[in-house]
Structures are given as structure tokens and as C-alpha cells.
Amino acid sequence: MGSSQRKKNEKKKDFQKTKFKVGKEKAKAANFTDTSFKSRAIVMGQQSLSTTAPDVIQQFKHSLSLASSSKSDKQRRESLAYLTGQLSAEPPVNPVGTHGVLQKLLPLITDSSTPVRSQLLKLLQVLPPAEVRHSTEQAIMFIRAGMTHLSADISNDTLGVMEWLLNVAEDDLVTCPGGWVKTLNTFCALMGWALSSSNQGWSSAPRATLKAKGAVTYARQITTLAKFLEAGLRPETTIPEDESQTWENLYRIPRDSNAFEYLNLYGTRRDEEGEMYPNREARQRVFERKFLEAIMKGADHAKKEGGATGRAAATLDKVLQQGMGDYESATAVDTEDLLSLW
Amino acid sequence: MVKRKVAALEKLDADFASLQQKIRRDPRSYKEEFLKQWEQYESQREIFLVSPSTATADSIESFHNIIDLIAHVAECYKEETRSFADDLSTILTQHHTVLHPELREKIAGSIMLLRRKEIIDSTTALTTLFPILVSSPSKSLRATLFQKILSDMRNSNTKTINHPLNRTIQTVLFNLVTADRTSPRAIWAIKLTREMWKRQLWTDSKPVDVMKEACLSENEKVIIGAVRFFLGGDQEREELEDESSDEEVDLSKVKHQIGINKKTNKQKKIYEKAVEKIKRLERKKSKPHPLNFSALHLLHDPQDFAEQLFSKHLQNTKAKLSLDSKLLVLQLVTRLVGLHKLTIVSLYSWFIKFLTPRQQNVTSFLASLAQAVHNLVPPDVLEPLIQKIANEFVSEGSASEVASAGLNSIREICARQPLTMTDTLLQDLVQYRKSKDKGVMMAAKGLLSLYREVGAELLKKRDRGKNATINLKSGIQHQRKFGEEDEGGIEGLELLARWKEDERKKKRLAQGLPENAGSDEEDDGFKSDEWEMDSDGSSDSGDWINVDHSDDEDGPSSKKQKTGEEDEAAAAAEAAAELERISKLATTTILTPADLAKLQELRMTSTVEKKLGTHRRRQKELEDRHRDDGLTAEQIEAPSRLRKLTKEERVELAKDGRPERGEHKSTQAINKSKLAASGKSTSNREKERNKNFLMTLGKAKSKQKRSLVETRKVLRGHVERSTRGGRRRNGT
């Protein structure tokens, strides 16, 4: 009873005329949206109140800090673009030095926005190779983190950075502390060529590379690995003896950034993985002991897949044969034995 | 750390939560993904360790996430994650001061997670976290760490007491306390010990040792923490035990709920839990009460400890404790002296300078002094103190509160060592019972009644009272000599003897024999059939029992002969004989378990009677309070406090224990709101009464229009239902 009366009244309400009253505000419409807002201060994006424009150095530093710490993707990308422009100018403007730039920008390898990452790669490519060499150790750390990132996009883009680093500083890359074993570890984890693939009697499911995109990525990974291995296992060319250079080496203060790094005077004790592998033989030895089997097996699998992957795997195979063909396992002293003497 | 907004698509891709879930569901298939993430962790750690203090927000966040993931799946890949726990503890130990707060907590939490999954053991986890707890400058970290450590300690002690772990931790705490006496770090040892003590997980002497060392520290906070433990730790423990035994589950309610609600697994679990809990409570009830000694009793070498405390914190003029702390330490020292009957002669002379009414907190000093007195303190040491209290506090000119406090404290001292008092002083003090002030009057009367019992010779003859005069004359009562001790006995044994006597009499009356039998007659009123075990029954077991019974009979029979004469002296002699007889009951017979049970029961009833007794009895009980309980300042100033109450306080006192009556309301309304508050509904009748009239109208109308067949159907249904307990089937 009561409810029906109420319903009737409710229906009626729609057709009733609203009465205006003197001194009262007009009633708000049913679909009224409140657009007023309260704010203590209005923040303007990039407002500068100074009359004189900041000098180039200031601007460079400002955009460097924006690129590394801004919350907005767009801003990061734009300041990266500005930095790229500055660095590629003739002569390049770089008040903080290549090392400084890299220190700030390397964390962007794992940035969540794709345009930022691609812009970063462009920026890296205009950096002078001779100076990048000294920051290889930092760079490879971030690259390793990027390659194993959970997001496939990021790990894929990082391969590009890896390629860049291989182009500019391949020798430093394979000799720097942790640069050889840890990076190989990362590659194996990345491609799923498990190191301890002793699944006693259990065959693990083959890689799900049915998707075209997956196959392309896989091929790219293998290609990069091949490049990396080539850099590490290439026979060293003996530098022709130069009288003056020999004397210089003996009596001059070395000009490298960290010439006595291999002594590791101040750092923590390195384990096998973080150790430096300065010459080809050492690299071959550790490679043979830890990775060769897994990589061979992985390459075989990949070759069978055919297509781009197969071609890449064939390249890898060739590199392996070239790099490891002349290796005899028994000749050298094992560093591990030396390490265990500690 | 501000989280960067993640694009929707990317979120799908980089979802740690779903990866974690997948890995845990099927670790073998997702091993590849895990290995990739493990590499990710390694490289993130490497990046992080290059500069732990200046890491960017991004790297911290990703490190945070990856640690979370690895910690959760570590149990699936024990081999691969061997180094994980060590890594975490190294990071935390080395960098805890500079780490980002959230990351810090995550690492600490992950360590505890690994501990819960039993990847590392408690000892490792705790020895990692504890040093950080004591050295961290961050308050929030300390709070979380303490919480985590405590909960882990509790968890590892729930099923059985984990002795090795406890021993390790106790040693760590002991070393912490003794290593640096000036540092405030030891406060954490105290906190942890106190908590463990409170929950009865640590009950042996080792934690007491830790506290003892803490008492002798040089940091005021530490000292006070430890002293408070000794003064209040045991009480706290008892309170917690009472609380925990209070919580009970109403099984019938749970059952009822299940009958009504939908039957789900959750409901079932709740029911099972309730049953389990009830079973546990039952088991706990039937278990013998754990014999937990108080911390004061577990102290090793209390004499040395008390002396050290006294000389270090009180006698030493260089000690910079505040007055409040000093009072606490003093309380502990005096408590120890009183409890263990220690002898620290210089303590009493030290008190003298504090015994003036102008001294701050003088009642606490008085209470402590009384606490420190026991029957082995030489009276000549105490005499000047009593004299000083009497001179300073108890005079016509002093305020009534002051006088009553003085009298009370003198009474408390004399209750413990009656030989201190001289007759002139006592006779002076007793005169205050004529005072107009109630507090003073009560205090003086208390003193008087005390001395009527313990030293009536000191009183004037007319003050002695009837009982004391009689007892003095008959030689039952005499002043104790210094150092004289009571003989030990079994509490309530006389009750048992009397009860046995009564039973025997009843039995004999029932058999039609005279109340008192000849001594040679074999009798044992309550025998064999009632008691499962009977040691003093069976006459064939040995004739020494018979001898005992004839002895037993001697007392009452002699009583019968002499009662006619109504002689006081005889009564006294009889009392002595009674005493002898009772003591014999214990020495000549073996008390059966049944006897002991009866004894316990009788003891209980007698204490209940005492509780219900008159004011006089309560007063007496107050006097022979248990020695273990200390004396507080309130007891010294109690009567004067009574007088000073304001109206509000008095109303509060009167209301204490009555139900809350917020506004003016009828009892019915209060009951109803109580029901509603406890989640109960109204009764069906009430609901019927409150039903809207219009709702009942339709039914009433249709009832009138029903045909005969319909009516029959309804009535049949009613009958049928009543056979089934008045319930409707579904759908009718």
C-alpha cells in the first residue's frame, strides 16, 4: 500500500514544475557536475621567472637531472632528445663528461616507457666510444639487469644496448670484472639454456616459440650472444713491438682510468663469477668448464628450428668452432686452484 | 618512494604477483622463469651494492620487488637460492643505517619469511636481527624488529620449549647487558626478557640473571627497567595467565550458528577450531599447575646482589639517580632483605636522614623501611629509627595524616620485629587511640591490637584486654625471644583432625553407640568403602596404627571429663593437648590422597569463611599478610586517604562493580540494549508483538474466509509439525 503511493509520487515528481523563490538560488539540475576545485597553489610546469636564459651548461645539467628523475615519460624523453642534440653537436657540448652522463642515464635502460628507451639508445650511440670504454663495468651491470627484466619489451630493448656496447668497447667488456662469466650466465638464463640442465630423466618442454615475435627475439638473442662470444674468444693479435712504447709501459704512469684494477686493492674479494678474465686463454678455460656444453646443446636445438633462429644458431656454431677449436683443456693452470689457496 | 605509474599493458607483462603464484603452484615448469629472475636479482644486488646510500628510487623499488619474489619462492628452489639468506643478512647488517626504510623492512621481513618456511633456523635469523635491533638509530625499524623477534621467539616456543634457542638468546642478552654497562642498549634485553617472562616461556634462573646484571648497570633507564621487572614482573605474569584462562568459547552457540547459516567449509573450520580450543582448555585444566617460581626466589646469591644494589645506587653519593628511580631501587633492596631475611646493617642507619615529614615521598620510604625489617634484624638497630619516626611524625602538633602515617609505619615495623618497641614509647603511642581523627585513631588501635598479641607485657595492664591477660597469666602467651622461630606444620591439619572426629561421632551415633568410644575399640569412621586408598584402616596391616588411634582418642575423652569444671587453666592445657594431638596426626599416620583432597577442601572453605567474616577478621588478615607481597606506600597512608576522598571519588567507589547505567533508563531497557550489543536478537514473542498491524491484517482476513477443507489441512499440518518438534519442512 504505502510503497505504491510512494512510487506514484515519485513518478509525478518528474512532471512537476519547480517553483522559484525570491532570495534563493535556482535548484541545480539533476545532471549538474561540480567543476570547482580547491588548491593551495597552482603549479606551472616549467616556469622560469628569471629574465636571462640560463647558459648552456645549466640547461644541460637541468635536462640531465630531468631525464634521470622526472616522473613523466614525456619529459624524460624530451630531455633525452635535447641531450642527444647537444652531444651530437659539433663540437659536442658535455660539461659533465661521458662518465657522468652514463652514470645518470644508465638506470633508464630498465625504464618502463618504450620511447624513452629508444631515445636512450640514440643518445648512447652519439657518445664518443673512447670515453665509453672507461664506464664499461657500470654499463654492463645495468645491461645485465635489463636483459633479465621481467618485461619482455625491456629485455628486448636492452639487447640493443648490449649491441651498442659490443660495438664500442668489446675488449673492455669481456675483460672487466664480472664481464665475462656473469654476462654469460645472464645470456643462459635469458634464453633458458639452463646451466644445470640435469633433470634426471625428465625432458623439459621445448621453448614455446610458436609466436613469430618470440622467434625473432630468440634469433636476436642468439645473434647477440654470438657477437659477444666472438669478442671474447677472438685470437688476440699481437701488437707489433714498439721500442718506445715498451719503455713507456715500464716507466710512465699508466694512462688507463683504473690501471691496477686487476689487483683489486680496495674492493671486496671477488668470487669466480666476479673475477676478471684478462686473456683469451682464461676466458676459454672458464667457458669450457661452465658454459660450453649448455650452449652447444642450446644451439643445436635452435638450429633445428630453422628460419631466422636457425641461421642465427648456425652463426653461433661457427663462432664457437672458431673460438674453441684450438683450445686444449689440460694446458693451463686453473685459476680456481689459485683462488682456493686464499 | 613514489611509485611510477605503470602502463596497463606493461602491468600485465611485469606482474610479479602472478609469476609468484605460478611458480609456487608448479615450481618445476617455471624453473626457467625463476632462473631469469634469479639473475635479475643478482644484477640488481650488484647495482645496489655499488652505492647503497645513493640508489635511485627506481632501483630501490625494483630491488624491493625482486627480493619479495625470491623470498616467497625460495622454498621451491632451495638449491639455487642457497646464498639468498646470507646475502640479505649481509646487506642488512652492513647497510641498515643508510638503507631506504621500506627496503629495510622488506629485507627484515624476508628474513623472517625464510625463517617461517624453515629455510634458515631461528638462531641464525635472530642473531642477525638482534644486533641490528640494538644498534639501529631508526625508531620504526627497531619497533618492527622487536615485534618480529618477539613473535618468532614465541612461535618457536609454542609447541615445546625450544631450549637450545632460548639458551642462545639468553646468552646473547646476558652478553649485551654485561658488555657495556653504561650504554642504553641493554634496554632491549630487558624488554625481550620481560615479555618472555610474562608469557611463561622463560621461567628459569637464566633470564633472572640477565635482569640482575641489568640492575647493576650504570644507565638509569636500564636500571629502572630491570628493577621494575623484579617488582612487577611476576604480577604481570599472573595477570596474563588469568586473562588467557578467561577466554572461553561457547560451543553451543557455534553449533547453533551452523544450524542456521549456510554450510560452508569456513563454518566447518570455525567449529573445528572451537572444539579444538575447548579440548585444549580441558587438557590445560587437568594438567598440574606449572610450578613457576617468582623472579625474586630464583635469584642466585641475593645477599650479594642486595648489598651491591644498595652500595652502588643508594649509599653511593655519586650515583645520579632521580628520586623516583632511587625509590624503586630502594623498594627492590628492601623487598629482597625482607623476603630472604638478609642482613645489611648499614641500610637501617641510611634510612634515618629520610625520616622527616618534609621528605618527598616519605610514605614510600616508610613502606620500604617496614619491608626491610624481619625477625632477624637486631632490635637495637631499629630502635633509633622507631624513636625518630615517633618524634618526627607522631605528636599533638603534627597533622593527622602525618601522625597516622607514622603510627602505621611503626606498626608495620613492629609486626615484623616486635622486640624493637620499648614500653614507655608504646604506652605513649597507644594513647593516640583517643584521637578525634579517624585515621590516627585506627592506626593507634592497630598498634594496640598488634601488641596485645605479640608483646602484651609492654602494655599497661588495663590496655591488655581480656584474652591477652588470661593468656599471659596461664603462660600460653609470652614474648618471643630474638631469633625464635615457629615449628613447622601442615596448614589446615587441625581442620582435618576435627572433621575426622566429627565423622567418627556421627558414625557411632548412627550405630546407636555413645558418642565417645573407649580407646581400645577399633574404629575408623570413614573407611574402605568411601576411600579408594586407605593407609590407616586395616587392622591387620600393623598394630602401630592401633596405638595411634588410642592416642587419638585420649584428647577428646579427657576433654569430656574436665569440661564440667569450666576452668580456664584446664582449657589452656586442653588446647596444648589438642595441638599435640594434631601434630601427631601428621607424624603418626600416613595421609592418603583422599585425606589430602579433603584437607585442601577444608582449607578452601575456611579461607572463604575468613573472607566473608567480620571486620575484625579482615584486620587480622591484613596483619598477617603474606610475606612475599611487598608493602606499598598506600598501605602506610591508607586510612588517611579514606578521609580525604572527594565526593566524586566516593561515588566512584560506591559504583565500583555495579552495572553501568549511562543515562536514566529502566532495567528492562538496559537489559535489552545489552542483548543487542552482544549480537542477540529479540525473542519470537517480542517479534510477534511488534509486528506491523497491517501485515497481520491480510492473514486474519483470509483465515475467516477459509473453507472447512482448508481449515482441516492447516490443523493437520499443525499436529504433524508438533510431532516433528514444531518445525516446518522446506517448502510448506
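The values are calculated or read from the model by the stated rules, or taken from the named source; none is laboratory data. These numbers come from a predicted model, not from an experiment. Heads up, the Cβs are rebuilt from the backbone with ideal geometry, glycines too, and the neighbour counts pull from every protein chain shown. Protein only, heavy atoms only, side chains kept; ligands, DNA and RNA dropped before computing areas. Shrake-Rupley method; radii C 1.70, N 1.55, O 1.52, S 1.80 Å.
Note on residue A:227: lysines with a C-alpha under 25 Å away, same-chain residues under 8 apart excluded, are A:122, A:182, A:211, A:213, A:290, A:297, A:303, A:304, A:318, B:36. Loop-located GluC sites (Glu not before Pro) across region A:276-330 with a Cβ neighbour count of 14 or fewer within 10 Å are A:328, with loop assigned by DSSP.
Per-residue shielding of B:31-38, expressed as the average number of other chain Cβ atoms within 10 Å of the residue Cβ, stands at 6. Mean partner shielding of peptide A:139-149, defined as the number of other chain Cβ atoms within 10 Å of each residue Cβ, is 6. Measuring with a 1.4 angstrom probe and ignoring ligands and nucleic acids, residue B:413 comes out at about 0 Å² accessible. Within the assembled protein chains, the solvent-accessible surface assigned to residue B:163 is about 110 Å², based on a 1.4 Å probe. Of the peptides A:229-235, B:25-31, the order by per-residue mean of other Cβ atoms within 10 Å, starting with the highest, comes out as A:229-235, B:25-31. Other protein chain C-beta atoms within 10 Å of residue C-beta, averaged over B:42-50: 6.
Of B:398, B:217, the order by accessible heavy-atom surface (1.4 Å probe, DNA, RNA and ligands excluded), from most exposed downward, is B:398, B:217.
Ligands, DNA and RNA excluded, the heavy atoms of residue B:264 present near 60 Å² of accessible surface to a 1.4 Å solvent probe. Interface size, chains A and B: roughly 2200 Å² of accessible area buried, both sides included, 1.4 Å probe, rounded to the nearest 100.
Sites listed here are trypsin sites (Lys or Arg not before Pro) in region B:429-497 whose DSSP assignment is loop and whose Cβ has at most 10 other Cβ atoms within 10 Å: B:436, B:481.
Under 1.5 on a/c is rounded, so check that first for region B:44-169, then, if it is not, pick prolate when a/b is larger than b/c and oblate when it is not; a ≥ b ≥ c are the square roots of the alpha carbon gyration tensor eigenvalues. The shape class here is oblate.
Of the peptides A:308-315, B:404-411, A:178-185, the order by per-residue mean of other Cβ atoms within 10 Å, starting with the highest, comes out as B:404-411, A:178-185, A:308-315. Which shape class applies to region A:115-159: rounded if a/c is under 1.5, otherwise prolate when a/b exceeds b/c and oblate if not, where a ≥ b ≥ c are the square roots of the Cα gyration tensor eigenvalues? Verdict is oblate for region A:115-159. When you count the other C-beta atoms within 10 angstrom of each residue and take the mean per peptide, B:179-190, B:330-341 line up highest first as B:330-341, B:179-190.
The share of Cα pairs per 5 Å bin across region B:386-515, counted from zero up to the longest distance, runs 2, 10, 16, 15, 14, 10, 8, 7, 5, 5, 4, 3, 1, 1, 0 percent.
A Förster radius of 56 Å, combined with the Cβ-Cβ distance separating residue B:600 from residue B:95, puts the computed FRET efficiency at roughly 0.35. Once both labels are positioned 7 Å from their Cα atoms along Cα-to-Cβ, the gap between residue B:159 and residue B:592 label points is 4.3 nm. Average accessible surface for region A:55-164: 40 Å² per residue, computed with a 1.4 Å probe over protein heavy atoms with every protein chain in place. Taking 0.36 nm per residue of separation and subtracting the current Cα-Cα distance, fully stretching the chain between residue B:238 and residue B:320 would add 26.2 nm. Evaluating kT/(6 pi eta Rh) at 20 °C and 1.002 mPa s, with the Kirkwood radius of region B:426-475 over Cα pairs in the Stokes-Einstein relation, gives 195 µm² s⁻¹.
Please work out the Cα center distance from region B:166-241 to region B:662-730, rounded to the nearest Å. A separation of 62 Å, based on Cα centres.
Extending 7 Å from Cα along the Cβ direction at residue A:327 and again at residue A:31 yields two label points whose distance is 7.4 nm.
Over all pairs of different C-alpha atoms in region B:344-461, the reciprocal of the mean inverse distance, the Kirkwood hydrodynamic radius, equals 14.0 Å. Largest accessible area first, the listed residues B:695, B:196 line up as B:695, B:196 when surface is computed with a 1.4 Å probe on the assembled protein chains. Across B:595, A:271, the residue with the most accessible area heads the list, and the full order at a 1.4 Å probe is A:271, B:595. Could you tell me whether region A:55-164 comes out rounded, prolate or oblate from its Cα gyration tensor? Rule is a ≥ b ≥ c as square roots of the eigenvalues, rounded for a/c under 1.5, then prolate if a/b exceeds b/c, otherwise oblate. Oblate is the answer for region A:55-164, as a/c is 1.5 or above yet b/c matches or exceeds a/b.
If R0 equals 41 Å, the separation of the Cβ atoms of residue B:697 and residue B:267 corresponds to a calculated FRET efficiency of about 0.60.
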